[in-house]
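Student: Take this structure, written in structure tokens, and hold onto it; I'll ask about it next.
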Amino acid sequence: MLGGTGADGAIHRAAGPQLRDACYTVPEVRPGVRCPTGEARITPGFNLPASHVIHTVGPIFDVDGNPEASLRNAYRNCLTVAKDNNIKYIAFPAISCGVYGYPYKEAATVAISALKEFADDLKEVHFVLLMDEIYKVWLEKAKELLQA
């Protein structure tokens, strides 16, 4: 939550220093941990063109005992927080697909499947996928999973 590398760091840089300050107001659930893997927290969006940031931590693929369940929980909990806060438009990165090493096809399946569960609660969803390889995999999985 405190602005590291990848998508998290980019979000923090764009939102401004107020986002980091807001993250520090989120209570720790244990020393140094405000948002455990698979859970979600919400803060204002500050300088972003979005009213809120919903924070989550995805699993480290080779370390997590059940990375699929943890990733599914990350998406589901973000979507639950969105629903609870009447947020109808949401954007996601490819959670855990960067330095956390989650395989793209498996991650896309989890993400899109979780999203389908909340389809009636949302007006618009974007996946912000900055690598062509990830984009192509997500597009392929979306065509496969959303046709049914």
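The values are calculated or read from the model by the stated rules, or taken from the named source; none is laboratory data. These numbers come from a predicted model, not from an experiment. Glycine gets a Cβ as well: all are built from the backbone with ideal geometry, and neighbour counts include every protein chain shown.
Student: Assess whether GLY16 counts as being of a type in the set (Gly, Ala, Ser) and at pLDDT below 95. Let's see the steps before the verdict.
Tutor: Numbers: of a type in the set (Gly, Ala, Ser): yes; at pLDDT below 95: no.
No: the conditions fail for GLY16.
Student: For PHE61, which of the numbered conditions (1) under 20 Å from PHE118 (Cβ atoms); (2) touching a helix residue (DSSP H, G or I) at 6+ places or on another chain (Cβ under 7 Å) fails to hold?
Tutor: Unmet condition: (1).
Student: If you don't mind, there's one more thing I want to ask. Quick check, is ALA22 closer than 29 Å to GLU140 by Cα and either of a type outside the set (Phe, Trp, Tyr) or surrounded by fewer than 20 Cβ atoms within 10 Å (Cβ to Cβ) (or both)? Give the derivation first.
Tutor: Numbers: closer than 29 Å to GLU140 by Cα: no; either of a type outside the set (Phe, Trp, Tyr) or surrounded by fewer than 20 Cβ atoms within 10 Å (Cβ to Cβ) (or both): yes.
Taking the combined requirement at face value, the residue does not satisfy it.
Student: Within segment 116-148, restricting attention to residues that are surrounded by 17 or more Cβ atoms within 10 Å (Cβ to Cβ) and not in a helix (DSSP H, G or I), which residue is nearest to the chain's Cα centre (by Cα)? Walk me through it before giving the result.
Tutor: Just the residues of segment 116-148 that are surrounded by 17 or more Cβ atoms within 10 Å (Cβ to Cβ), to begin with: 118, 125, 127, 129, 134, 137-138, 141.
After this cut, where a residue has to be not in a helix (DSSP H, G or I) as well, the list is 118, 125, 127, 129.
On the way: PHE118: 14, VAL125: 12, PHE127: 9, LEU129: 12 Å.
Across segment 116-148, the extreme among qualifying residues is PHE127.
Listed here are the residues, each with its yes/no results for (1) touching a Phe, Trp or Tyr at 6+ places or on another chain (Cβ under 7 Å); (2) charged (D, E, K, R).
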position	(1), (2)
ILE42	no, no
ALA50	no, no
GLY65	no, no
GLU106	no, yes
ASP120	no, yes
LYS123	yes, yes
PHE127	yes, no
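Student: Restricting to segment 76-115, what's the tally of residues that are without any contact (Cβ under 8 Å) to a residue 40 or more places away in the chain, more than 20 Å from HIS52 (Cβ to Cβ) and outside any loop (DSSP other than H, G, I, E, B)?
Tutor: 7
Student: What number of residues within segment 1-32 satisfy the criterion of being among the aliphatic types (A, V, I, L, M) and farther than 20 Å from GLY98 by Cβ?
Tutor: Summing the residues that are among the aliphatic types (A, V, I, L, M) and farther than 20 Å from GLY98 by Cβ in segment 1-32 gives 3.
Student: Out of the residues in segment 44-75 meeting the condition of being in contact (Cβ under 8 Å) with a residue 40 or more places away in the chain and not in a loop (DSSP other than H, G, I, E, B), tell me which one is surrounded by the most Cβ atoms within 10 Å (Cβ to Cβ).
Tutor: Selected residue: LEU71.
Student: Do the conditions hold for VAL26, that is, is it closer than 19 Å to ASN85 by Cβ and either acidic (Asp, Glu) or at pLDDT 95 or above (or both)? Before you say what the answer is, go through the steps one by one.
Tutor: Numbers: closer than 19 Å to ASN85 by Cβ: yes; either acidic (Asp, Glu) or at pLDDT 95 or above (or both): yes.
Yes: the conditions hold for VAL26.
Student: Still on this structure, please answer the following. With the condition kept exactly as written, say whether any residue in segment 83-95 is modelled with pLDDT of 95 or more, in contact with a Lys or Arg (Cβ under 7 Å, 6 or more places away or on another chain) and surrounded by fewer than 21 Cβ atoms within 10 Å (Cβ to Cβ).
Tutor: Checked against the condition, which is being modelled with pLDDT of 95 or more, in contact with a Lys or Arg (Cβ under 7 Å, 6 or more places away or on another chain) and surrounded by fewer than 21 Cβ atoms within 10 Å (Cβ to Cβ), segment 83-95 yields at least one hit.
Student: A further question follows. Every residue in segment 1-43 that is closer than 15 Å to ILE90 by Cβ and in contact with a helix residue (DSSP H, G or I) (Cβ under 9 Å, 6 or more places away or on another chain), please.
Tutor: Once the filter is applied, which keeps residues that are closer than 15 Å to ILE90 by Cβ and in contact with a helix residue (DSSP H, G or I) (Cβ under 9 Å, 6 or more places away or on another chain), segment 1-43 yields ILE11, ALA40, ARG41, ILE42, THR43.
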